[in-house]
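**Q** Attaching a single structure in structure tokens format; questions to follow.
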Amino acid sequence: MTSSKRLTIAMQKSGRLSDDTQALLKRCGLKLNLQDRRLLAHVANMPIDIMRVRSSDIPGLVMDGVCDIGIVGDNTLEEAALERKLLGSNCEYIRTKGLNFGGCRLSLAMPEEFNYQGIESLNGLRFATTYPQLLKRYAQENNIDIDFCLLKGSVEVAPRVGLADGICDLVSTGATLEANGLKEVEVIYRSTAALIQNPTPLSGEKQEIFDTLLQRMQGVMKAKESKYIMLHAPKDKIDQVSELMPGKETPTVLPLAGRDDLVAVHVVATETFFWETMEALKALGCNSILVMPIEKMME
């Protein structure tokens, strides 16, 4: 179990989630000093240590208390929890927060020539996969009888070489499936990155560090999902303009120097601001409509 006064975070060393995790931590104000061959890195401006490991190791490190928190894909987390439960190992954790990156889906895919007629047509088939526990759970929940072979890489080639009838693998765009003559037939699990923590309460000092980091993460995520909108609007159309504004925030209305007919309207939008909305505002007599990204937010 971790015992120092420094908060320990497990993250992927390299791969799909590594860059996004580093970007998130940097936007939270952490000064990272990550070197390719070092397993452990120290944050320069906060009492935080970063342990850089394979994704598959992150759930266990958090569940066993080696690391306080971790950032990992839901697919890897759920697969590890199912496997550890099967083996009788500790599989307790807290999924503190879903993160807005790393989205993908775990899907069943078959050769393009396969005549897919619904899930029942998969009965008796063999699938190559890196996620046997998620696949077995899906089969049990849907009352289908399938077999699997475990592969850690190059799953897509399994049908071509006769190792399996189909595959169960992560899909983002589907381009890799298409390149290997495969088609997606069923989505069995949807995943994003998640912040997880060990269920054992943190010490007071660590909890304070974690609370600060979590607040910053929430601010970064909300800023990423939000836009700052500024425009000039006819003074007598404010009610109509406000109704068109996305989100739940009340717009800020400010006077414009030397103008009695126009006012400045500012609002933070947490919903998509469509071109159609801008055109509707223009039709009401609004001008100088600006939609800008937000770097950081704190409520």
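The values are calculated or read from the model by the stated rules, or taken from the named source; none is laboratory data. All of these numbers come straight from a predicted model, not from anything done at the bench. Methodologically, a virtual Cβ is constructed for each residue, glycine included, from the backbone with ideal geometry; neighbour enumeration extends over all protein chains shown. In case anyone asks, the SASA skips ligands and DNA or RNA and just uses the protein heavy atoms, side chains included. Shrake-Rupley method; radii C 1.70, N 1.55, O 1.52, S 1.80 Å.
**Q** Might you tell me the accessible area per residue for the chain, computed with a 1.4 Å probe and given in Å²?
**A** On the way: 15820 Å² over 299 residues.
Per residue, the chain has 53 Å² of solvent-accessible surface.
**Q** Let me ask something else about it. Given R₀ = 22 Å, FRET efficiency for E276-K296 by Cβ-Cβ distance, to 0.05? Before the final figure, lay out the partial values.
**A** Numbers: r = 29 Å, r/R0 = 1.32.
The calculated FRET efficiency here is 0.15.
**Q** Stick to the Cα atoms of region 5-104, pair each with every other, and give me the Kirkwood hydrodynamic radius in Å at one decimal. It would help to have the intermediate numbers written out before the result.
**A** Working: mean 1/r = 0.0716 Å⁻¹.
Radius from the Kirkwood sum: 14.0 Å.
**Q** Moving on to the next point. For region 101-218, I need the span (max minus min coordinate) of the C-alpha atoms along each principal axis, in Å, sorted largest to smallest.
**A** 58, 30, 24
**Q** Give me the dipole magnitude in Debye, nearest 20, for region 80-194 about the Cα centre, with unit charges on the beta carbon: positive for Lys and Arg, negative for Asp and Glu.
**A** Approximately 600 debye in magnitude.
**Q** How would T270, T21, T277 line up by accessible area, probe 1.4 Å, largest first?
**A** T270, T277, T21
**Q** Report in % the part of the accessible area of region 180-235 that belongs to carbon and sulfur, leaving out ligands and nucleic acids; probe 1.4 Å. Write down the numbers at each step before the final one.
**A** Working: 1240 of 2550 Å².
Carbon and sulfur atoms account for 49 percent of the accessible area of region 180-235.
**Q** Hey, another quick one. Against the 2.2 N^0.38 Å scaling, with N counting residues, where does region 77-123 land? I'd like the Cα-based Rg ratio to two decimal places.
**A** For region 77-123, the normalised Cα radius of gyration comes out at 1.76.
**Q** Where in region 50-92 does the label zone of K136 land, with the point 7 angstrom along Cα→C-beta and an amide N cut-off under 17 Å?
**A** Hits in region 50-92 for K136 at 17 Å: 76-91.
**Q** If only Cα atoms are counted, what is the Rg of the chain, and what is its Dmax, in Å?
**A** 24.7, 78
**Q** Run the helix sum for the chain: -39,500 (n - 2.57) per DSSP H stretch of 4+ residues, divided by residue count, reported at 222 nm to the nearest 500 deg cm²/dmol.
**A** So the calculated ellipticity at 222 nm is -8000 deg cm²/dmol.
**Q** May I pose another question? Calculate how steeply helix 18-27 sits against the longest principal axis of the alpha-carbon atoms of the chain, using the helix alpha-carbon long axis, and give the answer as 0 to 90 degrees to the nearest 10.
**A** Value to nearest ten degrees: 30.
**Q** If you don't mind, another one. Work out the P(r) tail for region 155-270: percent of alpha carbon pairs separated by more than 19 Å, whole number.
**A** 71 percent
**Q** Using the alpha-carbon atoms, what tilt in degrees (0 to 90, nearest 10) does helix 132-141 show relative to the longest principal axis of the chain?
**A** 80 degrees
**Q** Which angle between 0 and 90 degrees, to the nearest 10, do you get for helix 74-87 versus the longest principal axis of the chain when only C-alpha atoms count?
**A** Taking Cα atoms only, the helix is inclined about 40 degrees.
**Q** Pick out, in residue order, every one of the trypsin sites (Lys or Arg not before Pro) in region 170-250 that is DSSP loop and has at most 14 other C-beta atoms within 10 Å; say none if there are none.
**A** K248
**Q** May I pose another question? Between L163 and D145, how many nm apart are label points set 7 Å from Cα along the C-beta direction?
**A** Going from the L163 label point to the D145 one covers 2.6 nm.
**Q** How would S4, S55, S226 line up by accessible area, probe 1.4 Å, largest first?
**A** In descending accessible area the options line up as S4, S55, S226.
**Q** I'd like to know which of L24, I94, Q133 lies farthest towards the positive end of the charge dipole of the chain, counting +1 on Cβ of Lys and Arg and -1 on Cβ of Asp and Glu.
**A** So the residue furthest toward the plus end is L24.
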